[in-house]
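Here the structure is laid out as structure tokens; the discussion comes afterwards.
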Amino acid sequence: MPAPTGPTSPPSPTAQERAAQEVLASFDAYARVRAARDGVLPSSRVGPREEERAFDELQQAIARLRTASRPR
């Protein structure tokens with residue numbers, strides 16, 4: 001039985017995994033902006049530009065995921 005060599009670092013994520021993580025983070029940011037748009041407190045509301053920017057970032061992240069997912 002081999003002896004444990006101690007803690008090992010997890011394998012580094014692939015380009016596709018990184019792109020998927022970026023899509024999830026961008027979607028989360030967009031969802032927060034959308035929720036803030038309809039916020040009760042005027043100070044927490046965001047304008048249409050912030051929402052558009054978050055949506056554009058989400059679309060770009062999705063495009064990068066599609067590119068990373070294409071077979072080579």
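Values in this text are rule-based calculations from the coordinates and carry no lab data. For clarity, every value in this text was computed on a predicted model and none was experimentally measured. Methodologically, a virtual Cβ is constructed for each residue, glycine included, from the backbone with ideal geometry; neighbour enumeration extends over all protein chains shown.
About its Cα centre, how strong a charge dipole does the range 15-69 have in debye, to the nearest 20, once Lys and Arg get +1 and Asp and Glu get -1 at the Cβ?
Numbers: 9 positive and 9 negative charges, 7 e Å.
The calculated dipole for the range 15-69 is roughly 40 debye.
I'd like the orientation of helix 48-69 relative to the chain: the angle between its Cα long axis and the longest Cα principal axis, in ° from 0 to 90, rounded to 10.
30 degrees
Rounded to the nearest 500, what is the 222 nm mean residue ellipticity of the chain from helices alone, with -39500 (n - 2.57) per DSSP H run of 4+ residues and division by all residues?
-22000 deg cm²/dmol
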